[in-house]
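I have placed the structure first, in the form of structure tokens, so that the comments after it can refer back to it.
The values are calculated or read from the model by the stated rules, or taken from the named source; none is laboratory data. Predicted model only: the values in this text are computed from it and were never measured. For neighbour counting, all protein chains shown are included, and Cβ atoms are generated from backbone atoms with ideal geometry for every residue, glycine included. Note: accessible area is taken over every heavy atom of the protein model, side chains too, but ligands, DNA and RNA are not part of it. Shrake-Rupley method; radii C 1.70, N 1.55, O 1.52, S 1.80 Å.
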Amino acid sequence: MYVETHPRKVRGEAVHMTSSEKKAIEQAHNSKASSNPSIQVSIRSPANMDCSYELITEEARHKAIEEAFLTPESNHFISTPEVKEMEKRLVLWLKSGYPVHLIGPTGCGKTSLAVHVAQVLGRPVVWINGDESVTTSDLIGGYSQMQSESVRDNYVHNVFKTKDTMKIEWVDNPLSLACKYGYTLIYNEFSRTKPASNNVLLSVFEEGILELPTKFGEDRYIKVHPDFKAILTSNSIEYAGIHRPQDALLDRMVGLYADYYGYETEVKIVMEHTGIPKEKAERIVTVVRSIRDKLPDGQKPGTRACIMIAKGWQTSATGEDLAIDFRQMCIDVLASKTSSPRDMEEKKKLVMESAEYSA
Ligand SMILES: Nc1ncnc2c1ncn2[C@@H]1O[C@H](COP(=O)(O)OP(=O)(O)O)[C@@H](O)[C@H]1O
Ligand SMILES: [Mg+2]
């Protein structure tokens with residue numbers, strides 16, 4: 001009887017394989033394909049999602065897509081009684097099952113609050129920024145991507161086989177990810193998006209159904225996951241502007257009006273972001289608030305302006321050659337929304353008065 005002491009090889013590969021054995025191996029090989037790290041699946045994503053990955057498993061693919069829409073971290077978030085109060089209302093309505101619309105002037109803290117609360121909720125967070133060019137498929141995803149696989153088949157001896165397949169595949173964008181898996185969606189500045197693109201939100205908010213208009217049959221409807229939550233923000237001034245969201249959509253959300261935080265909170269925010277001493281933070285906030293009172297809506301400086309001045313002040317303190325007058329720094333920061341020399345003169349005057357007063 002022939003006893004095999006070592007596998008016989010032809011050019012390095014075992015022979016003696018029946019066709020059924022070969023088939024079995026081939027099948028195993030194929031079924032492993034999706035989890036085989038030697039297979040690279042590269043994803044070209046739809047518009048606005050500027051990323052490409054080498055992906056291995058389905059799970060890893062989702063993770064990578066989620067990462068593409070990852071929210072900014074809420075850094076240096078501080079709480080004061082008024083921040084807590086807003087946070088409580090926001091959480092209350094979300095937990096009651098309603099999407100919440102944060103409305104307020106630029107720089108009052110809407111986005112920070114939304115990001116913070118989303119993190120507190122503890123679910124993955126996906127994020128989209130509204131603008132003129134956002135389409136429904138930026139929200140829900142689409143078929144626009146190609147998947148290509150290259151399989152190096154080297155189980156047959158001496159054969160180097162390459163298989164290229166091109167597949168059109170559906171890629172989820174933030175809204176469908178959030179609806180499917182129960183994530184928290186932050187839709188920042190949603191009223192900048194054309195109302196027609198946002199229509200898809202109507203049935204999500206009302207009936208708990210996401211309709212994917214480009215899909216057919218069963219796939220066309222996704223039941224919204226019970227953990228799905230949505231926080232939308234919009235600027236109170238723009239929001240009344242050209243792309244005013246349709247009433248039907250506004251009716252389906254709870255609106256929380258956010259105004260600039262009070263003096264104490266702003267001082268605390270400035271200190272938290274910059275580490276500047278309290279007296280300096282107070283001086284900055286006093287000037288900014290006094291100017292805020294005097295300028296018309298749309299030109300009012302927000303909390304961000306306070307932080308900018310504080311950072312400038314700190315940098316200015318690092319060297320003789322950088323020493324700049326406090327008032328000049330205020331003017332520079334506030335000039336960002338200035339459109340004419342006359343406008344500039346007026347702002348200078350305001351800063352001079354306020355800064356003098358605060359000194
Ligand atoms: N509670 C907070 N804690 C710390 N920083 C805050 C807080 N709220 C707002 N800020 C800061 O104030 C600035 C403006 O806030 P932001 O959320 O961007 O305003 P909006 O979205 O309303 O324009 C940002 O620099 C942000 O980091
Ligand atoms: Mg914002």
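Examine region 305-323 for a residue that is touching a residue at least 40 places away in the same chain (Cβ under 8 Å) and surrounded by fewer than 20 Cβ atoms within 10 Å (Cβ to Cβ), and state whether such a residue exists. So that I can check it myself, show each step before the final result.
Taking region 305-323 first, the residues touching a residue at least 40 places away in the same chain (Cβ under 8 Å) are 305-306, 310, 314.
Next, from what is left, pick out any that are surrounded by fewer than 20 Cβ atoms within 10 Å (Cβ to Cβ): 314.
Within region 305-323, one or more residues are touching a residue at least 40 places away in the same chain (Cβ under 8 Å) and surrounded by fewer than 20 Cβ atoms within 10 Å (Cβ to Cβ).
Just for region 76-104: of the residues that are part of a loop (DSSP other than H, G, I, E, B) and more than 7 Å from ligand 1 (Cβ to nearest atom), which one is farthest from residue 264 (Cα to Cα)?
Taking region 76-104 first, the residues part of a loop (DSSP other than H, G, I, E, B) are 76-80, 96-99.
This time we only want the ones that are more than 7 Å from ligand 1 (Cβ to nearest atom), so: 80, 96-99.
Details: 80: 8, 96: 31, 97: 32, 98: 31, 99: 30 Å.
So, considering only residues that are part of a loop (DSSP other than H, G, I, E, B) and more than 7 Å from ligand 1 (Cβ to nearest atom), the one farthest from residue 264 (Cα to Cα) is 97.
Give the residue that is farthest from the chain's Cα centre (by Cα), with candidates limited to residues of region 105-129 that are away from ligand 1 (no atom under 12 Å from the Cβ) and not in a helix (DSSP H, G or I). I'd like the intermediate steps shown before the answer.
From region 105-129, those away from ligand 1 (no atom under 12 Å from the Cβ) are 118-128; that's our starting set.
From what's left, not in a helix (DSSP H, G or I): 122-128.
Working: 122: 16, 123: 14, 124: 11, 125: 8, 126: 6, 127: 3, 128: 5 Å.
Taking the candidates together, the pick is 122.
Taking the conditions exactly as written (open to solvent by 30 Å² or more (accessible area, probe 1.4 Å) and either assigned by TED's automatic domain parsing to the domain that holds residue 306 or within 16 Å of ligand 2 (Cβ to nearest atom) (or both)), does residue 257 satisfy them or not? Working first, answer last.
Values: open to solvent by 30 Å² or more (accessible area, probe 1.4 Å): yes; either assigned by TED's automatic domain parsing to the domain that holds residue 306 or within 16 Å of ligand 2 (Cβ to nearest atom) (or both): yes.
When the stated conditions are applied, residue 257 passes them.
Residues are listed down the side, and each one gets a yes or a no for (1) under 30 Å from residue 78 (Cβ atoms); (2) within 16 Å of ligand 1 (Cβ to nearest atom):
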{"residue": "178", "(1), (2)": "yes, no"}
{"residue": "201", "(1), (2)": "no, no"}
{"residue": "255", "(1), (2)": "yes, yes"}
{"residue": "274", "(1), (2)": "yes, yes"}
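Using beta carbons and a limit of 6 Å, which pairs, at least six apart or on different chains, have the first residue in region 335-351 and under 16 Å from residue 305 (Cβ atoms) and the second one modelled with pLDDT of 85 or more and open to solvent by 80 Å² or more (accessible area, probe 1.4 Å)?
If the second residue must be modelled with pLDDT of 85 or more and open to solvent by 80 Å² or more (accessible area, probe 1.4 Å), the pairs left are 350/294.
What number of residues in region 193-224 are assigned to a helix (DSSP H, G or I) and at pLDDT below 90? Let's see the steps before the verdict.
Narrowing region 193-224 to residues assigned to a helix (DSSP H, G or I): 195-198, 200-206, 217-220.
Filter once more, so that each one left must be at pLDDT below 90: 217-220.
So the answer is 4.
Checking residue 134 against (1) touching a helix residue (DSSP H, G or I) at 6+ places or on another chain (Cβ under 7 Å); (2) modelled with pLDDT under 90; (3) among the hydrophobic types (A, V, I, L, M, F, W, C), which single condition isn't satisfied?
(2)
Tell me which residues, restricted to region 315-332, are in contact with a Gly (Cβ under 8 Å, 6 or more places away or on another chain) and either within 15 Å of residue 283 (Cα to Cα) or hydroxyl-bearing (Ser, Thr, Tyr) (or both). Step through it out loud before you land on a result.
Residues of region 315-332 that are in contact with a Gly (Cβ under 8 Å, 6 or more places away or on another chain), as a first pass: 324, 329, 332.
Passing the criteria: only 329.
Taking region 191-216 only, how many residues are within 16 Å of ligand 2 (Cβ to nearest atom) and closer than 23 Å to residue 122 by Cα? Full working, then the answer.
Filtering region 191-216 down to residues within 16 Å of ligand 2 (Cβ to nearest atom) leaves 191-193.
Still in the running and closer than 23 Å to residue 122 by Cα: none.
The number of residues fulfilling the criteria is 0.
For residue 274, indicate whether it is under 30 Å from residue 229 (Cα atoms), touching a residue at least 40 places away in the same chain (Cβ under 8 Å) and in contact with a helix residue (DSSP H, G or I) (Cβ under 8 Å, 6 or more places away or on another chain).
Numbers: under 30 Å from residue 229 (Cα atoms): no; touching a residue at least 40 places away in the same chain (Cβ under 8 Å): yes; in contact with a helix residue (DSSP H, G or I) (Cβ under 8 Å, 6 or more places away or on another chain): yes.
Judged against the criteria, residue 274 is not a match.
Could you look through region 84-114, keep only residues that are touching a Phe, Trp or Tyr at 6+ places or on another chain (Cβ under 7 Å) and among the aliphatic types (A, V, I, L, M), and pick out the one that is nearest to residue 186 (Cα to Cα)?
If we take residues in region 84-114 being touching a Phe, Trp or Tyr at 6+ places or on another chain (Cβ under 7 Å) and among the aliphatic types (A, V, I, L, M), then 100 is nearest to residue 186 (Cα to Cα).
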